[in-house]
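To start, the structure under review is shown below, and the notes come after it.
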Amino acid sequence: MSDQRNILWVDDEIDLLRPHIKLLQAKGYDVETVTNGEDAIALVGEQPFDLIFLDESMVGMGGIETLAEIKEIDSNLPVVMVTKNEAEQVMEEAIGRRISDYLTKPVNPTQILLVCKKFLDGKKIKADYVQQDYIREFNQLAMKLMSPMVCREWAELYARLAEWELEFDQHHNIGLEQTLGDQKRDANGEFGKFVEENYRDWLTMEKDDPERPTLSPDIVDRYVVPKLQEDDGPVFFFVVDCMRLDQWMAMEELLADDFTINRNYYFSILPTATTYARNAIFAGLFPSEIEKHYPDLWTGDGKDDDHSQNKYEKELLDKLLERRRVTLRSGVRYAKIIDTDFGRKIESEILDYAQSQMVAVVVNAVDMMAHSRSDYPILKEIAPDESAYRSLTKSWFTHSSLYGMLKTLASEVPNARIILTTDHGAVRCLRGSKALGDRETSTNLRYKYGRNVKVDEKHAFYVKDPAEFKLPRRGPAIEYVIAKEDYYFVYPTDYHYYLNHYRDSFQHGGISLEEMILPIAELKAR
């Protein structure tokens, strides 16, 4: 394939532009010229061009009319309008006809060269700089991993890795994707050690201790209650189940025009599963405390079914606000969106919901997407890797009821205070680890509890005394094992079948950057 870039310049005074054309040819561009719209349209129909410079005011067929005809032939062909006319109406019509850029005569060589580099070499130039910048930062990140870090620094490091992932998404085949993936795997190895050494201490520290991260039970107290006490407008609390930081960053880009966004980070409790983490968010308590104080709201029946064990989120939130002496005029309005039709219903009623002082909405779509990818080959084909998984998430969000609700609130309820977060993330599991246990041992892939559960200690974090880690005891002699990095647990029965079935699936419940370090965003309408 030739690297020659072909330019068509359309102007009825083309002889006056010869110096510019010679400059472009000297820079390696092939430039064809015509003096009228009819010839330009004929030429575009006969041969491919990479860029067109088009005079707006020509004898005969004008530039705007010519532009429309060119776009009929090739809608993706970049066209730069060149004109003496600075009338706003002309500019708007040209933009409406999908010009790519707009230059006012007399043009100078620098302008012309800049436009060519932008449209013909821009992607390569950007990719080259991204590559150089990452290579330069790679060593800085590697040095950080070799040094002791506190929670804030871990959040910053993971956010930076996620930013690089999104940057690489824009420049496919940059050649460093594997290097970044390996660096993130190294980071997860070190992060697992960090959590093992410090997690138990976090549970006993005061909430304002600088060594303790914000944890799941702190979210409502830290971000929601202060806004309810201000009473300056409705407070919306959105919890998107199983949303990773990189997924939120991809979604955040779509909201930048409507909101100013203040993003912070918090750490999920262990296990990083809905049953534990989301109940902890809504209750403002650790799982063992929920079981102790509200046994009727903690259905500890031995099953970790997300739907059965998260039935009482509204009730837990009501209890939390009651303990904080927050009195609402009409109570909390709560909705859990688990299917598209119900989501559209809530979206259509969002202005009615905005009449309430507080609204809590749980969105399950991302979690269902993660689980479905293991069961439906078409989803794995659509999202074969993490980059494609982010793209799939962004596509879902673009067409989701959640996005519709946020857009409506931005335009119709500008005084709404919006807090958006998640209960846990998910890690792409690539390495299996054999697990042994009795018939009563739980079936989760990233964590297990039971009697005498045995797994490779290099792959897991053992919790011998659940009470020490503020987890439900679930019976005598019960202990937990929690997977680290990208390992997943497989029983010996049909070992190879399940090893292959769940390899390259997104799972949660364990210890990884993706599951534990989570975004919490405050959105304010622009």
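Any read-out appearing in this document is the output of simple, stated calculations on the displayed coordinates, not a laboratory observation. All values derive from a computational prediction rather than experimental measurement. Here the Cβ positions follow ideal geometry from the backbone for every residue, glycine too, while neighbour counts run over all protein chains shown.
Around Ala335, with a cut-off of 10 angstrom between Cβ atoms, what is the net charge of the other residues, counting Lys and Arg +1 and Asp and Glu -1?
Result for the neighbourhood of Ala335: +3.
Only beta bridges with both residues in the stretch 431-503 are counted; by DSSP, about 70 percent of them are antiparallel. Annotation for the stretch 312-370: chymotrypsin sites (Phe, Trp or Tyr not before Pro) lying in DSSP loop with at most 12 further Cβ atoms inside 10 Å of their Cβ do not exist. Say a site is exposed when it is one of the GluC sites (Glu not before Pro), sits in a DSSP loop, and has at most 16 other Cβ atoms within 10 Å; what is then the longest site-free stretch of the chain? The longest such stretch corresponds to 212-348.
When restricted to Cα atoms, the stretch 5-107 yields an Rg and a Dmax of 12.6, 36 Å, respectively.
Give me the percent of Cα-Cα pairs in the stretch 122-194 that sit more than 16 Å apart, rounded to a whole number. Result for the distance tail: 47 percent. Computed from Cα atoms, the angle from the helix 177-204 axis to the main principal axis of the chain rounds to 30 degrees.
When DSSP assigns beta bridges and you keep just the ones with both residues in the chain, what percent turn out antiparallel, to the nearest 5?
Values: 26 of 67 bridges.
DSSP beta bridges in the chain are roughly 40 percent antiparallel.
Filter the trypsin sites (Lys or Arg not before Pro) in the stretch 448-519 down to the DSSP loop ones having no more than 14 other Cβ atoms within 10 Å, then list what survives.
On the way: sites: Lys448, Arg451, Lys454, Lys458, Lys464, Lys470, Arg473, Arg474, Lys484, Arg503; in loops: Arg451, Lys458, Lys464, Lys470, Arg473, Arg474, Arg503.
Taking the stretch 448-519 and a limit of 14 other Cβ atoms within 10 Å, the loop trypsin sites (Lys or Arg not before Pro) found are Arg451, Lys458, Lys464.
Of the residues Asp385, Asp494, the one with the fewest other Cβ atoms within 10 Å heads the list, and the complete ranking is Asp494, Asp385. As I understand it, the value is the acute angle between the Cα axis of helix 245-255 and the longest principal axis of the Cα atoms of the chain; what does it come to in degrees, rounded to 10? With both axes taken from Cα atoms, the answer is about 50 degrees.
What list do you get for Tyr495, Tyr134, Tyr447 if you sort them by fewest beta carbons within 10 Å?
On the way: Tyr495 13, Tyr134 18, Tyr447 26.
Final ranking by Cβ density, sparse to dense: Tyr495, Tyr134, Tyr447.
The alpha carbon gyration tensor of the stretch 381-516 gives principal lengths a ≥ b ≥ c with a/c of 1.5 or higher and a/b no greater than b/c, which makes the shape oblate. When Rg and Dmax are taken over the Cα atoms of the stretch 81-226, they come to 24.3, 71 Å.
Over all distinct Cα-Cα pairs of the stretch 147-238, the Kirkwood formula returns a hydrodynamic radius of 16.2 Å. Against the chain, whose longest principal axis comes from its Cα atoms, helix 313-323 is set at around 70 degrees.
When the P(r) of the chain is calculated, the portion above 36 Å amounts to 45% of the C-alpha pairs.
Taking the beta-carbon count within 10 Å as an exposure proxy, list Arg98, Arg18 from fewest neighbours to most. The partial results should precede the final answer.
Numbers: Arg98 15, Arg18 10.
Ordered from fewest to most neighbouring Cβ atoms within 10 Å, Arg98, Arg18 come out as Arg18, Arg98.
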